[in-house]
Each structure stands twice: as C-alpha cells, then as structure tokens.
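This report concerns only the one structure given below.
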Amino acid sequence: MRILLVTHSFNGLCQRLFCELTALGHEVSIEFDIADSVTEEAVRLFQPELIVAPFLKRAITEAIWSRHTCLIVHPGIVGDRGPSALDWAIRNALGEWGVTVLQAEAEMDAGPVWAAATFPLRAARKASIYRHEVTEAAVRAVTAAVNRQFEPNFKPERVPGEAHATMRQSDRGIDWQHDDSATVLAKLNAADGFPGVADVLFGEPCHLFDAWPEAIFKGAPGSLLGHRETAICRATADGAVWIGHVKAAGGIKLPTTLAFPAAAELPELALAGYWKSPTPTWQDIAYEEAAGVGFLSFEFYNGAMSTSQCRRLTEAFAWAATRPTKVIVLRGGSDFWSNGIHLNTIEAAESPADESWANINAIDDLAEAILRCERQLTVAAVGGNAGAGGCFLARATDFVWVRDGVMLNPHYKNMGNLYGSEFWTYLLPPRVGAAGAETIMRHRLPMTAAEAVKLGFYDARLPGPGFTVDVARRAAELAAAPDIDAQLAAKRAKRAADEAVKPLSAYRDEELKEMRRNFYGFDPSYHVARYHFVSRSAHSWTPRHLARHRDLDWKTPE
Ligand code: COA
C-alpha cells in the first residue's frame, strides 16, 4: 500500500513505524503537519491508500479524513481520549496502559477503533515509556490496523469513551512542604521530557526535569541539600529527590548546575568511586562486575554527552580497564546509548565553537581509550536508541550488540552537514567497505538493528525482551572462552599492525580538520542547525529525504 505518515515531527516512534512499514513492503512517505493546505497538497501528490498519524499535536482537517482513511495513533487505552493520556496514566500510577489506533473524525480520539495493544506501565518518565512501551505497542497496533485494511469483513468498532482534561501546570505543581518523594517523582516523571514541572529555584522561575530518587538524605522540606556533579538534591516531606535538568524561563533545557551556577555553593554530596550505589541516588556513571565482566552504565539525560561527561566517562573507563576482568560492557543509558556531543551545553557556552571543539575532542578521547584498551575485549550493548557520534562511538568497541527495536541514526548530515569524528574513517571501511561507509554517512534516514547487522556495521542483534540478561550471559561466555587470552593477543596484534600502517592520531587529525571547518569556518550551517535543534523550533517544511512525494522525479499515481 501507499501509506502517508502525517506527523508533527519525525520522532523515534515515527521513525520506527516508517522502518517497520517499509520492511513490510509498503511504500511510505512522510509529511510534517505544518498547515492544512500543505497536508492536502501532500495527499494530492502521493495519493495514499492509507494515512497514518503517529504523532500529531492537532486534529486532521475534515477535507482529508472525510475522503481518506486516516488512522490516529493515540497513546492511551481503548476509550481514553484527550491530549494528556500518558501524563495522567503515570501520575495516577495505573498498572496497565496502552495504545489505540483509531479512525480520525470530527471529535478528537472518538473515531472507530481499528486496533489496540496494552502493556504493564512502569514507574518511569513519560519520555521513557513513550520510547519503549508505547513505541512497541504502536508497532503492534499499527501493523494490525494496516493488515485489517485487507480484510473486507473487518468493521472498526465505535467505543464509548471519556475525554480527560489537558494536564495543566496547576495540576502538576509540587507542594514541597507536603508532597512525599514518591509523589514528587510521579509528578516529575509525568512531565518528562515535556513540558516539565513549573517551579522556582534560586529565586528564579524554571521547569524541572530529570528526577532521580534519593534514599539517604533528608532535610527541611523544600530546602536544597547539596549538589553532585550537575544535579541538585532537594528535600521533600519525607526524604529527598535529585533534579538533573532545568529549563529557566526563556532558556533551553540544561544540566541544573549549569543553568544555576549558584548551585556550586551548596554542599557537595559526592559519591565515592564508580561502583553502583546499593541505595537509590543520583549516579549517572555506574559500574558493576560479575563473572569476569565489568558493566559500565552511563545514564546521561537524552544520551547527550557533554565535555565533562565524556571526561568523567573516560576516567571511569580507564579505571574499569584496571580491574581483573576479561570483558567490559558499555551499557549506555536505558533510553539512549548515546546521541553524541551535547548540543545544549554547547549552545549555552560563551563560545559555542570553542565548546564544540572541546566536546568533540573529549568524545574522541573516550573513543580512543576504548580503541586502545588492551586487557579486555569491549562490547557496546546498545539497548537504547543512538544517534550521530553515539553510533560511531559504539563501533569503537570490539563487538556491538544491538537490541531489536532500537533506532539508529548513524549520520551527521542533519546537523548542518557536520563531517563527524569518533574515528569513523578508521572504523567503518574495514567493516562495510569504503563505498558502504560513504553510503552510511550520506544516508539521512534511520537504520534498524537488522539493517545495521546486515550491513556489517554492528555485530549482533538480540531480541528486545531479556536484552540485559542476554547481554550479561553472552559477555560472561566471552570472558570464560578457553581462547580468551588468544583473542586478546590477536586484538593487541591487530591494533599494533593498524597503528603501523596509519596511526590513530592521523585519522583523528584528518577528521578534526574537517570538524574545525564546521565549527569555525565561513559556513554557519552547523550553528544554525544546532540553534533550531536545541530551541525545538517548529518545522516549516518537510525535508525532501522524508517527503518522497515531493521528489522531483515523483510521479503522482493515476
Ligand atoms: N545534545 C543535546 N540534546 C540532545 C541530543 C544531543 N546530541 N540528541 C538528542 N537530544 C535531546 C533532544 O533535544 C530532545 O530533547 P527534549 O528532552 O527537549 O525533547 C531529546 O534528546 C530527544 O531527542 P529527539 O530528537 O526528540 O529524539 P528522536 O528520537 O526524535 O531523534 C535523534 C533522535 C538522535 C535522531 C535526534 O535527537 C538527533 O538528531 N540528535 C542530534 C544528534 C547530533 O547531531 N549529535 C551531534 C553530533 S555528534
């Protein structure tokens, strides 16, 4: 079928549906929901047999839904209606939630139901539930709904429903004197990553994000107890929580201590070392060990890796490499493995060009430390999505195991034509060939785990459920392999041979020469693209690589 995806943006869920529907043999094109007349034009050009709306912020115009079947993906159970579906479900700590695919009509979310899927609702952030459970359920429900287009006897059912109110800041507000930690966390989780909870810190209005529990510290409710790295700890009625990110009025989302330098004057509540804390607390870099394997997690908000995060992680990796292990698994974070350099901290710097330079050097130092690791085999366990430099950083390990369902965006082009670094010029050609490397770098579309493995870019794809357990088992097997020492010797020999042909420093210098031009040269594309990205600017057109119906050689079907 010819399927048009009409969407507010090409977000992770939309990317996944695009890949799944394309893999099923459908012809898929995308149009951003910018204006009714623009969508109508897209429909005229593409002549879709079906329209699917994975992520909309407003209703589809009657001119379209009255003439075409339009399926809306609603992140709520059957009968649920309204725009704050997930927010209320998380806030009310419901045990189960779901996704419904319904037909667009005049009343929002009230049309007949084509398919639905449910899932147990974790106590987690809205964005995390959206990226994992909602996305998986949406794939199941949309696939079922699309298949039902071919069932002549299928009649979508109209179900009674109830619209809940939009969740407003007055519903979200935290009462620091009376709310206990569980309530504060539920309120913050229901608002993360958008719109956050409006509050006041250091006398300034701001929105709070990125909450972490704290099990030990306590203090006068509402008081600020201290800081650790970039987060601050605030007392609740019965304990405390950590706030990792804030968005000051008129600003962009930033690590809390960067947005509020006064936080540095709070007492420092440092953690000793990298071992995972036995009690809940803020710990972005955590290490665990089992069966000869070291597991290094880096739970960096949104997968963005600032200069200081890269440096701290490089130190942690260097420390992990001194442990008596045979394998180090780099786990990344639960939602993202890595999305490369931190565009928000760069934007906030006095000189974004200098900060970009520092950040790319810091992430290259990390990649180099991984590449030069001699005593262990290294594994990237990519359980969360990865983008840009994050995809290539993962490739710096000896083995990349990726969870089925993960969305990869291994390209830099969308960020103002960045050349990219992280040793991609060294890492890619032996695995995918010179032409393959060029194709990957030119490609602007997302890549599935299956595609990455088929190309030879990554090494193995593991099923979604049980990924963490599977990774631990495979890593333990690797560590216990009878030939592990021979494998390590071969790794050292290969690195030495490669170094003799062309040193890593030469690859790095060549890549960074191009990046220097991106950061400091005449063409401001990267700075403009970054500004729009961090400001979450609304799209004013759909990029050509997504809107196939706008290709110059597109022929509108009869
Ligand atoms: N730096 C800072 N923030 C980043 C980031 C980065 N490198 N990558 C993603 N984010 C943030 C987004 O701003 C967004 O923030 P929000 O909490 O305000 O919503 C959040 O992460 C999710 O990103 P989003 O773009 O909505 O997710 P997606 O699943 O639709 O797309 C990517 C994923 C990776 C394709 C997209 O985020 C991207 O292009 N990131 C930039 C990658 C990049 O160019 N890195 C620099 C070069 S190495």
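Since every read-out is calculated from the coordinates, none of them should be taken as a lab result. Everything numeric in this text was worked out from a predicted model, so none of it was measured. Every residue, glycine among them, receives a Cβ derived from its backbone with ideal geometry; neighbour counts consider all protein chains shown.
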(message) I'm a student and want to see the number: the projected area of the Cα convex hull of the stretch 39-187, averaged over all directions, in nm².
(response) 9.9
(request) Only Lys, Arg, Asp and Glu count, each charged at its Cβ (+1, +1, -1, -1), so figure out the dipole size of the stretch 175-265 about its Cα centre, rounded to 20 debye. (result) 160
(request) Run the numbers on the chain and let me know its relative contact order in percent, using alpha-carbon pairs under 8 Å that are six or more apart. (result) 10
(request) Could you give the size of the charge dipole of the stretch 213-308 about its Cα centre, using +1 on the Cβ of each K and R and -1 on the Cβ of each D and E, expressed in debye and rounded to the nearest 20? (result) 280
(request) Please sort 281-292, 483-494 by packing, taking for each peptide the average over its residues of neighbouring beta carbons within 10 angstrom, highest first. (result) 281-292, 483-494
(request) For the stretch 49-89, run through the trypsin sites (Lys or Arg not before Pro) and keep only the ones in DSSP coil with at most 15 other Cβ atoms within 10 Å of their Cβ. (result) Lys57, Arg58, Arg67
(request) Starting from the Kirkwood radius over alpha-carbon pairs of the stretch 285-523, derive D by Stokes-Einstein at 37 °C in a medium of 0.692 mPa s and give it in µm² s⁻¹. (result) 183
(message) Charges on Cβ only, +1 for Lys and Arg, -1 for Asp and Glu, centred on the Cα centroid of the stretch 2-158; of Ala106, Ile77, Ala89, which one is farthest towards the dipole's positive end?
(response) Ala89
(request) Would you please name the GluC sites (Glu not before Pro) within the stretch 1-110 that are DSSP coil residues with at most 16 other C-beta atoms within 10 Å of their C-beta? (result) Glu49, Glu107
(request) Count the net charge of all other residues whose Cβ sits under 13 Å from the Cβ of Met441, scoring Lys and Arg as +1 and Asp and Glu as -1. (result) 0
(request) Kindly flag which residue pairs out of Lys126/Lys218; Lys126/Lys253; Lys187/Lys247; Lys326/Lys494; Lys454/Lys513; Lys413/Lys513 have an alpha-carbon separation exceeding 20 Å in this structure. (result) Lys126/Lys218; Lys454/Lys513
(request) Counting residues in the chain as N, plug N into 2.2 N^0.38 Å and put the Cα Rg over that result. (result) 0.99
(request) Give the relative contact order (percent, whole number) for the stretch 65-158; include only Cα pairs under 8 Å separated by 6+ residues. (result) 28
(request) Please list 110-123, 266-279 highest first by mean number of surrounding beta-carbon atoms within 10 Å per residue. (result) 110-123, 266-279
(request) Quick one: P(r) of the stretch 175-265 from all Cα-Cα pairs, 5 Å bins, percents rounded to integers, in order of increasing distance. (result) 3, 16, 28, 28, 19, 5, 0
(request) Would you work out if the stretch 164-222 is rounded, prolate or oblate? Take a ≥ b ≥ c from the square roots of the eigenvalues of the alpha-carbon gyration tensor; rounded if a/c is under 1.5, else prolate when a/b is larger than b/c, oblate otherwise. (result) prolate
(request) Mind checking which of Ser421, Ile363, Ala486 is farthest towards the positive end of the stretch 285-523's charge dipole, using Cβ charges of +1 (Lys, Arg) and -1 (Asp, Glu) about the Cα centre? (result) Ala486
(request) Give, in whole angstrom and from largest to smallest, the semi-axes √(5λ) of the equivalent ellipsoid of the stretch 99-144, with λ running over the eigenvalues of the Cα gyration tensor. (result) 22, 12, 8
(message) From Cα pairs below 8 angstrom and at least 6 apart in sequence, can you work out the relative contact order of the stretch 175-265, rounded to a whole percent?
(response) 27
(message) Quick check on the stretch 2-158: of the DSSP beta bridges with both residues there, what percent are antiparallel, nearest 5%?
(response) 50
(request) Could you tell me which helices of the chain pass both thresholds, a Cα extent of 18 Å or more along their own axis and a mean Kyte-Doolittle hydropathy of at least -1.0, with helices taken as whole DSSP H runs? (result) 135-148, 307-320, 352-371, 467-480, 484-501
(message) Net charge within 11 Å of His539 by Cβ-Cβ distance, Lys/Arg positive one each and Asp/Glu negative one each, not counting His539 itself?
(response) -1
(request) Among DSSP beta bridges lying fully in the chain, give the percent that are antiparallel, nearest 5. (result) 55
(message) Counting other C-beta atoms within 10 Å, and keeping those with at most 14, which DSSP coil GluC sites (Glu not before Pro) do you find in the stretch 295-378?
(response) Glu350, Glu374
(request) Quickly rank 542-550, 522-530 as a protection proxy: mean count of other C-beta atoms within 10 Å, highest first. (result) 542-550, 522-530
